[in-house]
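S.K.: Sending over a structure as structure tokens; questions will come in a sec.
The values are calculated or read from the model by the stated rules, or taken from the named source; none is laboratory data. What you see is a predicted model; the values in this text were computed from it and never measured. Note that we place each Cβ from the backbone using ideal geometry, even for glycine, and neighbour counts take in every protein chain shown. What goes into the accessible areas is simple: the full protein's heavy atoms, side chains included, and nothing from ligands, DNA or RNA. Shrake-Rupley method; radii C 1.70, N 1.55, O 1.52, S 1.80 Å.
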Amino acid sequence: MHMMMEMFFHFRIEEPILFREWKPMNTTAYVFSCIGIFLIAFALEVLKFGRMRLVGKKVEEEKKVDCCCSTEEDGLWNIPETRPLNAKTVNLAPFTRDSLLVKSHFASSILIFIQHFVDYSLMLVSMTYNWPIFLSLLAGHATGYFFLGPMMTVEESEAAGSCCS
């Protein structure tokens with residue numbers, strides 16, 4: 001017998017969450033599954049924060065150089081999102097063999113793998129359309145951001161993305 005996954009929010013206890021083996025058979029197991037999803041989402045926010053701190057330290061250690069692309073106030077190729085904070089200097093990470101062999105780059109690469117794995121796994125959990133599980137996931141993300149968000153600055157969150165921030 002083949003059952004189709006229902007594409008609307010529901011509240012059924014005896015359904016697999018992420019793996020066939022992760023199937024709560026009673027209310028107690030279901031509550032612990034919700035707590036587990038909450039903790040995984042919270043841990044993901046901690047992981048994102050830790051990786052951002054690692055990348056932020058790396059950016060701070062790099063020397064400031066003259067912008068190689070544009071010093072216009074409109075940003076790189078007139079794209080406002082690439083506007084440098086200081087029009088004369090930007091942080092550039094040169095792509096060299098040595099930059100690939102830095103320990104912080106290895107650590108950041110491992111952390112980004114784990115981060116994306118957990119991100120996509122939680123996306124699949126949310127696609128079960130089980131609303132208590134979904135709300136547990138959102139509550140974990142929100143709680144993690146609530147506690148760690150004030151420790152991050154806008155510059156730190158932008159440091160991981162743009163060459164001219």
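S.K.: Taking segment 144-165, which residues are open to solvent by less than 40 Å² (accessible area, probe 1.4 Å) and modelled with pLDDT of 90 or more?
M.R.: Correct list: GLY144 only.
S.K.: Next question. Within segment 17-39, how many residues turn out to be touching a residue at least 60 places away in the same chain (Cβ under 8 Å) and open to solvent by less than 70 Å² (accessible area, probe 1.4 Å)?
M.R.: 7
S.K.: Can you confirm whether segment 117-135 contains a residue that is surrounded by fewer than 12 Cβ atoms within 10 Å (Cβ to Cβ), more than 16 Å from ILE17 (Cα to Cα), modelled with pLDDT of 90 or more and not aromatic (Phe, Trp, Tyr)?
M.R.: Checking segment 117-135: not a single residue is surrounded by fewer than 12 Cβ atoms within 10 Å (Cβ to Cβ), more than 16 Å from ILE17 (Cα to Cα), modelled with pLDDT of 90 or more and not aromatic (Phe, Trp, Tyr).
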